[in-house]
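Each value in this text was obtained by applying a stated rule to the coordinates, not by laboratory testing. The model shown is predicted, which means the values in this text are computed figures rather than measured ones. Using ideal geometry, Cβ is built from the backbone for each residue, glycine included, and neighbour counts are taken over all protein chains shown.
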Amino acid sequence: MKIIHTEIFEVLIVEPQVFSDDRGFFFESFNQKKWQDATGLERPFVQDNHSSSQKNVLRGLHYQINRPQGKLVRVVVGEIFDVAVDLRQKSATFRQWVGIRLSAANRHQLWIPEGFGHGFLTLSETAEVLYKTTDYYYPEFDRSLAWNDPEIGISWPLDDGTSPILSTKDATASASRGSNLYR
């Protein structure tokens with residue numbers, strides 16, 4: 001496993017060691033001991049989530065107040081543009097974002113620490129995303145930040161003139177000026 005620090009140091013790209021031959025491939029998508037040794041992070045993963053989306057679906061930007069979740073995200077079908085936004089108000093990188101392409105082909109994973117918003121745009125015709133979380137989903141603490149918040153300024157790789165497909169929750173999300181961000 002290779003760990004690459006992004007522009008926001010705590011957000012990590014994880015490259016697994018892949019064993020390929022004429023039959024296909026094999027890799028460990030997660031190993032607790034190797035994860036801790038490579039990252040120095042001791043986080044319990046308590047929930048696995050699986051989503052499927054069609055092209056141009058944009059999910060996010062989601063986060064939980066009071067019970068923030070760290071997420072380890074990977075793609076098993078297709079390709080996405082995955083984004084982490086630092087929502088920790090006292091952080092030197094507050095409101096900064098990192099975006100990378102995750103795909104079934106590159107097999108990379110993205111570690112998004114607690115205190116970050118998370119979202120992704122589906123780039124392929126369909127995509128299936130798996131992610132582990134460090135805390136359970138609590139609807140009462142669930143929040144969404146506007147995907148196009150001008151203070152954050154994410155450069156989503158949308159084709160010219162294309163609008164993303166959004167859920168009602170994501171279409172009505174507020175900008176980052178609210179008091180519901182992390183402290």
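Before moving on, here are some points about what is shown:
- Ordering 74, 143 from the fewest to the most neighbouring beta carbons within 10 Å gives 143, 74.
- Computed from backbone phi, the HN-Hα couplings of the range 16-22 come to x, 7, 10, 10, 10, 8, 5 Hz, rounded to whole numbers (Karplus: 6.51 cos²θ - 1.76 cosθ + 1.60, θ = phi - 60°; Gly and Pro given as x).
- Computed over neighbours whose Cβ is under 14 Å from that of residue 49, the net charge equals -1, Lys and Arg +1, Asp and Glu -1.
- Expected 222 nm ellipticity per residue - DSSP helices of 4 or more, -39500 (n - 2.57), all of the chain, to 500: -1500 deg cm²/dmol
- For the range 120-164: rounded, prolate or oblate by the Cα gyration tensor [a/c cutoff 1.5]: oblate
- Mean sequence separation of contacting Cα pairs (under 8 Å, at least six apart), scaled by the length of the range 94-183, corresponds to a relative contact order of 32 percent.
- Kirkwood estimate for the chain, i.e. one over the average of 1/r between Cα atoms, Å: 16.8 Å
- For 118, 108, order by how many other beta-carbon atoms lie within 10 Å, fewest first: 108, 118
- Mean separation of Cα contacts under 8 Å, 6 or more apart, over the residue count of the chain: relative contact order %: 29 percent
- Size descriptors for the range 64-165, from the alpha-carbon set: Rg then Dmax equal 13.8, 39 Å.
- Gap separating the Cα centres of the range 1-21 and the range 85-110, nearest whole Å: 13 Å
- Sites residue 104 and residue 67 - FRET efficiency at Förster radius 30 Å, r taken between beta-carbons, to 0.05: 0.45
- Taking label points 7 Å from Cα along the Cα-to-Cβ direction, residue 6 and residue 54 give a separation of 2.8 nm.
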